[in-house]
Each structure stands twice: as C-alpha cells, then as structure tokens.
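Enquirer: I'd like to ask you about the structure that follows.
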Amino acid sequence: MLDLSTTNYVAAAGLLFGILPSRRWKLSAGACTDLTPSMHWPNPVISINAEADRGPVMISVEYSVDSQHRDAFLQAVRELGEGRRRDGAYAWDIFEDVAQEGRFVEIFYVASWLEHLRQHRRVTNADRILQEMIRQFGADQEPKVTHLIAASSSASGSERIAS
C-alpha cells in the first residue's frame with residue numbers, strides 16, 4: 001500500500017512521462033478557421049429595462065428556406081448551433097413548421113442579458129461566413145431575429161397594477 005506522498009510522486013512522474021510523447025502530436029482542429037471576432041451582429045433593439053443580470057434570454061431566428069435546400073440547410077444550421085453553444089448558449093435547437101413548408105425557427109437560450117451581449121462580441125469570421133451561407137438557402141428573405149427575456153416583476157410595475 002502506497003502512502004499519499006508516494007502516490008503524488010507517481011502521478012507527477014506519469015504526467016511528465018505523458019507530456020514528452022504528446023509534444024509530437026499537435027491539435028490541428030480549427031487550424032485554418034478564422035476565429036477573429038467579426039462584430040457583424042447588430043446591437044439588439046430594446047424598449048424595456050434589460051438589466052445585465054436579467055435572464056434567462058431566449059433568442060429565436062426565423063428562416064425561410066427553399067425546399068430543395070432543406071438537408072443542406074439543416075446540416076449547416078446544426079454547425080451554427082455548435083458555435084452558439086461554444087459562445088454561451090446552454091440550450092439550442094432548430095424547429096420546422098408543420099404548417100408552412102420551408103419555415104424553420106432556431107431557438108437558443110443564454111443565462112442572462114449580459115451573457116447574450118457577450119455573444120455578440122464572440123462571433124467569429126468563421127461564424128459570419130457560415131451565417132452568410134445559411135442565408136443563401138433562403139436568399140429572398142433576411143432571417144428574423146427576436147430577443148425574449150424572462151419577465152420579472154418590479155416594484156414600479158406592481159404599483160401600476162394596484163393603482
């Protein structure tokens with residue numbers, strides 16, 4: 001039976017031994033991906049008090065897609081969903097309207113209004129290129145973006161209801 005001190009030395013030696021062979025293999029995923037911030041998302045238009053810590057926030061993006069591009073669109077938008085999660089979304093999905101062919105709604109959630117504003121700064125040039133490609137699947141219409149924040153009650157709002 002090894003004591004705690006000896007166990008720590010064995011673990012440290014294992015780490016050092018593991019580092020040497022791993023230097024030969026570099027992570028190449030994304031090596032040619034442009035991760036420069038694109039800053040191409042416009043600032044959200046707000047008409048209510050959206051305090052920084054208020055949330056959660058639900059963002060929906062509505063797309064109109066030509067039926068012949070459905071599968072390519074879904075593949076590309078799922079890649080976009082990975083980027084949304086990378087940039088702070090804790091839930092993401094794409095929905096297809098059963099009553100209107102070609103209408104898709106992307107929904108993602110972030111924890112707070114401030115976190116969503118940070119997403120605006122995290123969007124990369126690679127994301128911009130992907131979004132431009134997705135827009136070409138329904139080139140006749142720009143996607144409609146909606147920001148919804150969890151409703152909160154305020155003292156002034158309660159006073160207005162009571163009066």
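The values are calculated or read from the model by the stated rules, or taken from the named source; none is laboratory data. Predicted model only: the values in this text are computed from it and were never measured. For neighbour counting, all protein chains shown are included, and Cβ atoms are generated from backbone atoms with ideal geometry for every residue, glycine included. All accessible areas refer to the heavy atoms of the entire protein, side chains included, with ligands and DNA or RNA removed. Shrake-Rupley method; radii C 1.70, N 1.55, O 1.52, S 1.80 Å.
Enquirer: What spacing in nm lies between the two simple spin-label points modelled at Val105 and Thr7, each 7 Å away from Cα in the Cβ direction?
Expert: Distance between label points: 5.3 nm.
Enquirer: Same structure, new question: Tell me the per residue accessible area of segment 42-131 using a 1.4 Å probe; a whole number in Å² is fine.
Expert: Using a 1.4 Å probe on heavy atoms only, each residue of segment 42-131 averages 55 Å².
Enquirer: Would you work out the relative contact order for segment 28-149, in percent, from Cα pairs under 8 angstrom that are 6 or more residues apart?
Expert: 44
Enquirer: From the Cα trace of segment 1-146, what convex hull volume per residue do you get, rounded to a whole Å³?
Expert: Output value, Cα hull per residue: 210 Å³.
Enquirer: With Cβ to Cβ distances under 11 Å as the rule, what net charge do the other residues near Ala139 carry (K, R +1; D, E -1)?
Expert: Charge balance in the 11 Å sphere: -3.
Enquirer: Return the carbon/sulfur percentage of the accessible area of segment 48-129, one whole number, probe 1.4 Å, all protein chains in place.
Expert: For segment 48-129, the apolar C and S fraction of the accessible surface comes to 47 percent.
Enquirer: At 0.36 nm per residue, minus the direct Cα-Cα distance, what do Leu15 and Phe95 gain on full extension? Give it in nm, one decimal, please.
Expert: Net length gain for the segment: 24.3 nm.
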